[in-house]
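Below: the structure, in structure tokens.
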Amino acid sequence: MSSRERHARVQVFVAMGSNLGDRRGHLKSAVSRFFQHSMIWNLALSSVYETEPLGEGSQGLYFNAVMRLDTVLSPRELLELCLDEEKQRGRQRSEEHYAARSLDLDLLLYGSEIIAEEDLIVPHPRMLERAFVLEPLAELAPQLLHPLTGTSIGELAAAVHDSARVRRTPIRFH
């Protein structure tokens with residue numbers, strides 16, 4: 001049975017981040033891969049933000065953005081697509097939670113679904129505390145309600161806004 005037969009079209013949000021190598025190129029590659037996928041439609045992008053890294057140690061600044069898309073891919077299929085693109089862009093996974101990375105793709109929201117599996121949690125469990133996720137997400141869907149809190153994304157972004165650590169850039173992918 002194909003994904004088309006199993007799943008209705010759903011609106012999804014995916015966060016992107018990069019702080020190693022060609023940061024813009026890594027994000028652009030992910031956008032291109034999703035844009036060209038036969039089961040993804042209506043792709044929209046937030047602005048790109050330059051952000052301070054989390055955690056200890058010295059590492060480069062991140063470029064962060066969010067993609068909005070419609071898809072019939074299941075959450076698991078979408079996760080596999082994200083992991084494959086990370087691998088294609090040289091992502092080296094480590095035990096260090098806040099390690100630098102060439103590309104990080106996180107499934108933030110899959111419609112209004114709540115998913116709690118060992119390696120897939122949606123809504124993303126740490127998105128509510130991250131301005132570098134909520135600010136670009138609020139550009140795309142300020143009125144959208146978070147499935148667990150019932151609070152609008154715009155309100156959540158305003159609560160964690162940090163202009164010293166999260167700065168919109170003039171970078172565009174089109």
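The values are calculated or read from the model by the stated rules, or taken from the named source; none is laboratory data. Everything numeric in this text was worked out from a predicted model, so none of it was measured. Neighbour counts are summed over all protein chains in view; Cβ atoms, including those assigned to glycine, are modelled from backbone coordinates with ideal geometry.
General observations
- Output for the stretch 61-82, where each listed residue is β-branched (Val, Ile, Thr) and within 13 Å of the chain's Cα centre (by Cα): 66
- Pick from the stretch 139-159, criterion over 16 Å from residue 124 (Cβ atoms) and aliphatic (A, V, I, L, M), ranking: surrounded by the most Cβ atoms within 10 Å (Cβ to Cβ): 158
- Residues satisfying the stated conditions in the stretch 116-163, i.e. outside any helix (DSSP H, G or I), in contact (Cβ under 8 Å) with a residue 24 or more places away in the chain and closer than 26 Å to residue 25 by Cα: 124, 130, 141, 162
Condition check ((1) closer than 14 Å to residue 46 by Cβ; (2) of a type outside the set (A, V, I, L, M, F, W, C)) across all residues:
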{"site": "59", "(1), (2)": "no, yes"}
{"site": "74", "(1), (2)": "no, yes"}
{"site": "83", "(1), (2)": "no, no"}
{"site": "100", "(1), (2)": "no, no"}
{"site": "109", "(1), (2)": "yes, no"}
{"site": "112", "(1), (2)": "no, yes"}
{"site": "123", "(1), (2)": "no, yes"}
{"site": "170", "(1), (2)": "yes, yes"}
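- Screening the candidates 101, 130, 172, 168 for the property of being among the charged types (D, E, K, R), within 24 Å of residue 21 (Cα to Cα), in contact with a Leu (Cβ under 9 Å, 6 or more places away or on another chain) and surrounded by fewer than 17 Cβ atoms within 10 Å (Cβ to Cβ) yields one hit, 172.
- Within the stretch 83-98, considering residues that are part of a helix (DSSP H, G or I) and either modelled with pLDDT of 95 or more or surrounded by 14 or more Cβ atoms within 10 Å (Cβ to Cβ) (or both), the one farthest from the chain's Cα centre (by Cα): 88
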